[in-house]
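The structure appears right after this line, and notes come after that.
The values are calculated or read from the model by the stated rules, or taken from the named source; none is laboratory data. From a predicted model like this one, the values you see are computed outputs, not experimental measurements. Positions of Cβ are generated from backbone atoms using ideal geometry, with glycine treated the same way; all protein chains shown enter the neighbour counts.
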Amino acid sequence: MLSGVLVVGCSHTTVAEPLDLSRVGEPFGPLAHVQLGMTLEEVRRAAPDLVTRKDRPEELERWTDAGIFGVAFSHGRAASLLIMPKPQTLRALHAAWGAGIQTGEQRIHYFDAKRTMRVLLADEMSLEFLPLVPFASMIGTDPHSFHGVALLGRKLDDALADFTAHATGLERVSAGGVAGLELISPTEWTESRSALVLQTDDQRIIRGWQWLARFDDTPEAKAAIVQQLDHVFGPPVTPATSAGDRVVRVYGTKPQVIVELGDSTSITVR
């Protein structure tokens, strides 16, 4: 993944062409024609001035007097774009894109016009472009599945293969009795990356799953999340309870869906 540390790669800086910032939430400069999901060769054709990072061959970058521009790949496709803008670029961006959506201290989000990307401006230092998956699509309509992939009652390796084969922006990080996946794609209500944990039995059959995500701390996000959960799973089987700063909602019995809503939210199915 692009770590946000793009200061040890190519050391030469080129003069930037005039930036077109007229499209809110879309890549600009050397990345103007790059799309998430492109293969390495497609990115090279779309942005021929990008070069391979010596320390990270899975990433491309270009330094200009407008900032540092980079592309990171997952499973052979562009999974995230990163821009570290110079101060003058940042001022122009604020003027062109407006205030954005404040979701935390020094965290501003933007969306492209088609809402296929979510862009995070963090600490006034870096812009990260990630593929957006609507919350409704991520949750789906059946707790046996997640992100469109059948899980409960299925062999672990088959489910992992479906994630890596059909969903750009998923990283398998471990496997065994418990498997973990890092989901690069945010939803319209979650911040950048999240985690999916799969619990298995001795036969490596998935018996439960848990999604761990950091949700936007806004009233609109919280209301939309609860509304979607109630729509999919029906009314909670028990009254919502509070645990510290978290609200716990329990849906269904077979399987049971436990949702803990807070700054860091989890959805557990078992």
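Listed residues Ala195, Ala223; which is small (Gly, Ala, Ser) and in contact with a strand residue (DSSP E or B) (Cβ under 7 Å, 6 or more places away or on another chain)?
The unique qualifying residue is Ala195.
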For segment 152-164 the number of residues that are under 22 Å from Ala79 (Cβ atoms) and buried (at least 20 other Cβ atoms within 10 Å of the Cβ) is 2
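If you scan segment 63-91, which residues turn out to be farther than 25 Å from Leu132 by Cα and either in the same structural domain as Leu183 (by TED's automatic domain parsing) or not in a strand (DSSP E or B) (or both)? Give the steps one after another, and end with the answer.
Kept after step one, since they are farther than 25 Å from Leu132 by Cα, are these residues of segment 63-91: 63-66, 86-88, 91.
Across segment 63-91, the qualifying residues are Asp65, Ala66, Lys86, Pro87, Gln88, Arg91.
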| message | Quick check on segment 49-62. Is at least one of its residues assigned to a loop (DSSP other than H, G, I, E, B), surrounded by 13 or more Cβ atoms within 10 Å (Cβ to Cβ) and in contact with an Asp or Glu (Cβ under 7 Å, 6 or more places away or on another chain)? | response | yes
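Taking the condition of being in a strand (DSSP E or B), over 15 Å from Ile206 (Cβ atoms) and out of contact with any Lys or Arg (no Cβ under 6 Å at 6 or more places or on another chain), how many residues in segment 128-159 meet it? Walk me through it before giving the result.
We begin by selecting, within segment 128-159, every residue in a strand (DSSP E or B); these are 128-131, 145-146, 149-150, 155.
Subsequent filtering for residues that are over 15 Å from Ile206 (Cβ atoms) retains 128-131.
Now narrow it down to the ones that are out of contact with any Lys or Arg (no Cβ under 6 Å at 6 or more places or on another chain): 128-129, 131.
The qualifying residues number 3.
For Ile205, indicate whether it is closer than 28 Å to Leu121 by Cβ and not assigned by TED's automatic domain parsing to the domain that holds Arg115. I'd like the intermediate steps shown before the answer.
Numbers: closer than 28 Å to Leu121 by Cβ: no; not assigned by TED's automatic domain parsing to the domain that holds Arg115: yes.
So Ile205 fails the test.
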Condition check: assigned by TED's automatic domain parsing to the domain that holds Pro48, loosely packed, with under 15 Cβ neighbours inside 10 Å and modelled with pLDDT of 90 or more. Does Ala122 satisfy that? no
Reported set for segment 153-178 where residues are modelled with pLDDT under 80, out of contact with any Ser or Thr (no Cβ under 7 Å at 6 or more places or on another chain) and of a type in the set (Gly, Ala, Ser) is Ala165, Ala167, Ser174, Ala175, Gly176
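How many of the residues making up segment 101-119 are surrounded by 13 or more Cβ atoms within 10 Å (Cβ to Cβ) and either in contact with a strand residue (DSSP E or B) (Cβ under 8 Å, 6 or more places away or on another chain) or not in a strand (DSSP E or B) (or both)? Full working, then the answer.
We begin by selecting, within segment 101-119, every residue surrounded by 13 or more Cβ atoms within 10 Å (Cβ to Cβ); these are 101-104, 107-112, 116-119.
Those left that are additionally either in contact with a strand residue (DSSP E or B) (Cβ under 8 Å, 6 or more places away or on another chain) or not in a strand (DSSP E or B) (or both): 101-103, 107-112, 116-119.
Qualifying residue count for the region: 13.
Only one of these is of a type outside the set (D, E, K, R) and touching an Asp or Glu at 6+ places or on another chain (Cβ under 6 Å): Gly37, Gly70. Name it. Steps first, please.
Values: Gly37 fails: touching an Asp or Glu at 6+ places or on another chain (Cβ under 6 Å).
Step by step, each of Gly37, Gly70 is checked, and only Gly70 is of a type outside the set (D, E, K, R) and touching an Asp or Glu at 6+ places or on another chain (Cβ under 6 Å).
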Going through segment 214-247 in order, the residues found to be touching an Asp or Glu at 6+ places or on another chain (Cβ under 6 Å) and within 22 Å of His147 (Cα to Cα) are Arg214
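With the requirement that a residue be surrounded by fewer than 15 Cβ atoms within 10 Å (Cβ to Cβ) and either modelled with pLDDT of 95 or more or under 22 Å from the mean Cα position of the chain (by Cα) (or both), what does segment 5-19 give you?
If we filter segment 5-19 for residues that are surrounded by fewer than 15 Cβ atoms within 10 Å (Cβ to Cβ), which is where we start, we get 5, 7-8, 11-15, 17-18.
Correct list: Val5 only.
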Kindly indicate whether Gly208 is out of contact with any helix residue (DSSP H, G or I) (no Cβ under 8 Å at 6 or more places or on another chain), crowded, with 17+ Cβ neighbours inside 10 Å and small (Gly, Ala, Ser).
yes
Filtering segment 125-148 down to residues that are crowded, with 20+ Cβ neighbours inside 10 Å and among the hydrophobic types (A, V, I, L, M, F, W, C) yields Leu127, Phe129, Leu130, Leu132, Val133, Met138, Ile139, Phe146
